[in-house]
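The values are calculated or read from the model by the stated rules, or taken from the named source; none is laboratory data. Here the structure is a predicted model, which means the values were calculated and not measured. Virtual Cβ from ideal backbone geometry, glycine too; neighbours counted across all protein chains shown.
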């Protein structure tokens, strides 16, 4: 699967938002990347441009490709509730995101790698599909033979496990529980989902 492997600060600067977490380079250079980024006169963006940028920001934040994002949007549009809210809830339910939120990996890309390399279990079974949608009541844990991996133990040692109300964590068993689907106000990402709905509604 195609993926971006360049500097993340460049992407964060493009959106003017630390979408990958605290970023000292974004703090220092809070303007678009490129040699003319600081002095370039910014043209007023069209309505379409604003909406497209918000979609790209959401895709970059959660690390999904266009087809995956489109499929999730279509699923959200068929569901009950506000389409934008449901879209973010589906993104939050992806296995790679849940692994990241639980603190098993320090980044979403790191979580995707752990899942792809078969270090993660769902309800006791090894699952290597990062896009797998976790359901309320599912347990997500570290595979037994992977519990001593330095990457995982280092990440868990610095994680705050009471950070998200919809997740529970049992440190002794290295297993977490996806208690419920989060409400929109509980999801911390700075994404204007209504702009994405408007873009796809054109």
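A few points about this structure:
- Looking only at the range 123-165, residues that are surrounded by 14 or more Cβ atoms within 10 Å (Cβ to Cβ) and touching a residue at least 40 places away in the same chain (Cβ under 8 Å) come to 12 in all.
- Within the set 70, 101, 75, the sole residue that is in the same structural domain as residue 150 (by TED's automatic domain parsing) and in contact with a helix residue (DSSP H, G or I) (Cβ under 9 Å, 6 or more places away or on another chain) turns out to be 101.
This table checks each residue for (1) under 16 Å from residue 169 (Cα atoms); (2) over 15 Å from the mean Cα position of the chain (by Cα).
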residue	(1), (2)
79	no, yes
87	no, no
91	no, no
102	yes, no
105	yes, no
108	no, no
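- Every residue from the range 126-141 that is part of a strand (DSSP E or B) and in contact with a strand residue (DSSP E or B) (Cβ under 7 Å, 6 or more places away or on another chain): 133, 139, 140, 141
- Residue 107 being modelled with pLDDT under 95, touching a helix residue (DSSP H, G or I) at 6+ places or on another chain (Cβ under 7 Å) and either surrounded by fewer than 18 Cβ atoms within 10 Å (Cβ to Cβ) or not assigned by TED's automatic domain parsing to the domain that holds residue 179 (or both): yes
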